[in-house]
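Quick notes on the structure that follows.
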Amino acid sequence: MNKVKKAIIPAAGLGTRFLPITKAVPKPMLSVLDKPTIQYITEELSEIGIEEIVIVVSPDCEVIRKHFGKAESLEERLLQDGKQKLYEIALETRKFNVKFAVQKQANGLAGAILCAEEFVKEEPFVLLLGDELLYAEKGEKPCVKRLVEIFEQTGKSVIATMEVFGDDVSKYGNIGISSEEDGVMQVSRIVEKPSITEALSNNAIIGRYVLSGKVMGMLKNLKPRNNEIYLTDALDELASNGELLASCFEGARYDVGDKLGYIKANVEFALKSKEIGEETKEFIKDLASRL
Ligand code: G1P
């Protein structure tokens, strides 16, 4: 009954931190190595068998739709030229069962989630924020898989967290914890981007959530603050009713919504690449020796 089958990926942000590229290219289409960041996010879902995905896009966002659709002339050409491997790469994004919802107003994360209401109805859903790429090494359990397991065992909404220190505390949603068992934390409160003195703990919310279907209803009923409704308000309500859990993610995480994080992701993914990993390593060593 509690099976998680659906996922929402908000992708309608303005991407102002990456201007001028984001004038014409939506931020989720910025590439880390050879794939746009949004493709890594959908792969995170398909790896664990979640195939019903809705991407929330802005009204003029044809490029993302195109990326997940058929590229007729390119595909024909690759086949004609006998370039089977490249043909398969071009086909990869078509295997995701992606639907699109349009966010007409830039009214925040909760606004984006509400655009997917028709798709989710009253079912639980995974929420993945595209500014973060998570990387599970071989043998490590992917973050979303862990969250889905916790949700399916307990029926409670669950969020991923990581430990942060110093000024970083104020960059994220922050949780208070009332108890912890087998790595699963019971969340008592949430504050969004607190000052260091207001922080409840060193546990910051990262962009992966599994939320029960009732969250959609809660968002609809929330009172706006500064003309915006906040997901954090719904999460805080769940927390105070004892209905919110958290799990600390310990794998690699890249903040690709930030210029430095984006460069780090590109460098590390290049180092991991079979095709150019060795050469990248040599290049970095040489570069470092000259710095
Ligand atoms: C959002 C959430 C915040 C969370 C963060 C993770 O903030 O509101 O609680 O810690 O994502 O990246 P944003 O980065 O959209 O400002």
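Here are a few things to note about the model shown:
- Among the residues listed as Asp236, Asp286, the single one being of a type in the set (Asp, Glu) and either within 14 Å of the ligand (Cβ to nearest atom) or in contact (Cβ under 8 Å) with a residue 40 or more places away in the chain (or both): Asp236
- Subset of region 105-134 (residues that are in a strand (DSSP E or B) and away from the ligand (no atom under 16 Å from the Cβ)): Phe125
- Boolean, Pro20 is out of contact with any Phe, Trp or Tyr (no Cβ under 9 Å at 6 or more places or on another chain), over 23 Å from Val210 (Cβ atoms) and surrounded by 19 or more Cβ atoms within 10 Å (Cβ to Cβ): no
- Among the conditions (1) surrounded by 15 or more Cβ atoms within 10 Å (Cβ to Cβ); (2) in a helix (DSSP H, G or I); (3) of a type outside the set (S, T, N, Q), the only one that Leu200 does not satisfy is (2).
- Qualifying positions in region 220-252 - at pLDDT 90 or above and part of a strand (DSSP E or B): Leu244, Leu245, Ala246, Ser247, Cys248, Ala252
- The lone exception for Cys248 - which of (1) near the ligand (Cβ under 10 Å from one of its atoms); (2) surrounded by fewer than 23 Cβ atoms within 10 Å (Cβ to Cβ); (3) not aromatic (Phe, Trp, Tyr) it fails: (1)
- Selection within region 10-39: residues that are hydroxyl-bearing (Ser, Thr, Tyr) and at pLDDT 95 or above. The member of this set that is nearest to the chain's Cα centre (by Cα) is Thr37.
- Checking Leu211 against (1) more than 14 Å from the ligand (Cβ to nearest atom); (2) touching a Pro at 6+ places or on another chain (Cβ under 9 Å); (3) over 26 Å from Ala265 (Cα atoms); (4) at pLDDT 95 or above, the condition it does not meet: (1)
- Selected residue [surrounded by fewer than 18 Cβ atoms within 10 Å (Cβ to Cβ), touching a residue at least 60 places away in the same chain (Cβ under 8 Å) and more than 15 Å from Ile9 (Cβ to Cβ)] from Lys95, Lys104, Lys83, Lys121: Lys121
- Scanning region 8-56 for residues that are farther than 30 Å from Glu149 by Cβ and among the aliphatic types (A, V, I, L, M) yields Leu14, Leu19, Ile21, Ala24, Val25, Met29, Leu30.
- Members of region 171-197 found to be surrounded by fewer than 19 Cβ atoms within 10 Å (Cβ to Cβ), among the aliphatic types (A, V, I, L, M) and in a strand (DSSP E or B), listed by number: Ile177, Val184, Val191
- Filter result (in contact with a helix residue (DSSP H, G or I) (Cβ under 7 Å, 6 or more places away or on another chain) and more than 14 Å from the ligand (Cβ to nearest atom)) within region 158-195: Val158, Val184, Ser188, Ser195
- Boolean, Lys3 is more than 15 Å from Leu133 (Cα to Cα) and either over 16 Å from the mean Cα position of the chain (by Cα) or crowded, with 16+ Cβ neighbours inside 10 Å (or both): yes
The values are calculated or read from the model by the stated rules, or taken from the named source; none is laboratory data. Since this is a predicted model, take the numbers as computed values, not measurements. Here the Cβ is made from the backbone with ideal geometry for all residues, glycine too, and neighbour counts use every protein chain on show.
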